[in-house]
Amino acid sequence: MQIFYSSQVEDGYLYLDENETHHCMRVLRKRTGDLIEVVDGKGNYFTGVIEEVSKRAMIRIETQEDRSSFRKHRIHLAVAPTKNIDRMEWMTEKVTEIGVDEISFIHCENSERKILRPDRLSKKTLSAMKQSGQAVLPQLNEMKKYSGLFENITEKGRYIAHLDEHVESIPMSNLAIKEDSIVLIGPEGGFSSAEVSMALENGFIPVTLGKTRLRTETAAVVACTILNLSFV
């Protein structure tokens, strides 16, 4: 069954925005009285009956289930976006499908992209959340300087993925990760030595994602997959 999204829940009703209403009523040709599934992006999964439709569909809630506990631990991905925005859209879609709670975009010394608008990627996260049957919408953060990332980190599990022959790294798949975690993925030119040192000073563990050199977006997908498998 198609899953819809609503951020407005009031007095036993859900309200679809105009885009979701159009997709529900015009594209999928749902009618008043039909039962549909809705998520709020905060972990709640609903079934409800379409009761009234104007520009926005009003859904009477029949059942509600808290699925936030499906995620045993939070995953925070911090990544330096690529010059090609299509590759970032693909990455955002795939890590959402895999399961991630927060995505931060960072500007590093070797970054090719200095500006990124998260709202361009928000549709990808919303679509991927619904398609994969999840109820948690990842938080997308504005792009910031690499050094600024360390100011508000709360995760205990801290990992930086990189290839640096001067720093000993552990295969990420060998770690027993059982806590909220953040993983740093650098630009195509890699993290600078100063950036690696800054991460180590802030309690990050250097890890590798395999024996081959991965593209930025591929590394992000692999890292999120490893973290999710660790939490199964």
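Each value in this text was obtained by applying a stated rule to the coordinates, not by laboratory testing. As the structure is a computational prediction, the values presented were derived from the model and not from experiment. Every residue, glycine among them, receives a Cβ derived from its backbone with ideal geometry; neighbour counts consider all protein chains shown.
Based on Cα contacts under 8 Å between residues 6+ apart, segment 76-232 shows a relative contact order of 32 percent.
Counting other C-beta atoms within 10 Å, and keeping those with at most 10, which DSSP coil trypsin sites (Lys or Arg not before Pro) do you find in segment 90-180? Loop-located and lightly packed - Lys114.
Approximating the spin labels as points 7 Å out from Cα along Cα→Cβ, the Asn110-to-Gln131 distance works out to 3.0 nm.
Each Lys and Arg Cβ is given +1 and each Asp and Glu Cβ -1; about its Cα centre, segment 144-212 then shows a dipole of about 160 debye. Can you list the residues of segment 129-165 with backbone N under 16 Å from a point 7 Å past the Cα of Asp66, pointing along Cα to Cβ? Only 135-136 fall inside the zone, counting backbone N under 16 Å.
When the helices in the chain are scored as -39500 (n - 2.57) per DSSP H run of 4 or longer and the sum is shared across all residues, what 222 nm value do you end up with, to the nearest 500 deg cm²/dmol? Numbers along the way, then the final one.
Details: 5 runs with 57 residues, N = 232.
About -7500 deg cm²/dmol.
Qualifying trypsin sites (Lys or Arg not before Pro) in segment 1-83, where qualification requires a DSSP coil assignment and no more than 14 other C-beta atoms within 10 Å, comprise Arg29, Arg31, Lys55, Lys72, Lys83. Multiply the residue gap between Leu229 and Thr154 by 0.36 nm, knock off their C-alpha separation, and tell me the result in nm, one decimal place. Working it through step by step, the gained length comes to 24.9 nm. Segment 1-31 to segment 112-164: how many Å between their Cα centroids? When both Cα centres are located, 26 Å separates them. Consider a paramagnetic label point 7 Å from the Cα of Glu201 along Cα→Cβ; state which residues of segment 140-165 have an amide N under 19 Å from it. Residues passing the 19 Å test: 145-154, 158-161. Among Lys42/Lys94; Lys72/Lys130; Lys114/Lys211; Lys42/Lys156, which pairs are too far apart, with a Cα-Cα distance over 25 Å? Long pairs (Cα-Cα over 25 Å): Lys114/Lys211. Our summary gives segment 3-68 a relative contact order of 34 percent, counting only alpha carbon pairs under 8 angstrom and 6 or more residues apart. Given (i) 0.94; (ii) 1.01; (iii) 1.04 as candidate values of Rg/Rh (Cα atoms, Kirkwood Rh), which corresponds to the one derived from the coordinates? Here Rg/Rh (Cα atoms, Kirkwood Rh) agrees with entry (iii). Cβ crowding within 10 Å ranks Glu155, Glu65 as Glu65, Glu155, fewest other Cβ atoms first.
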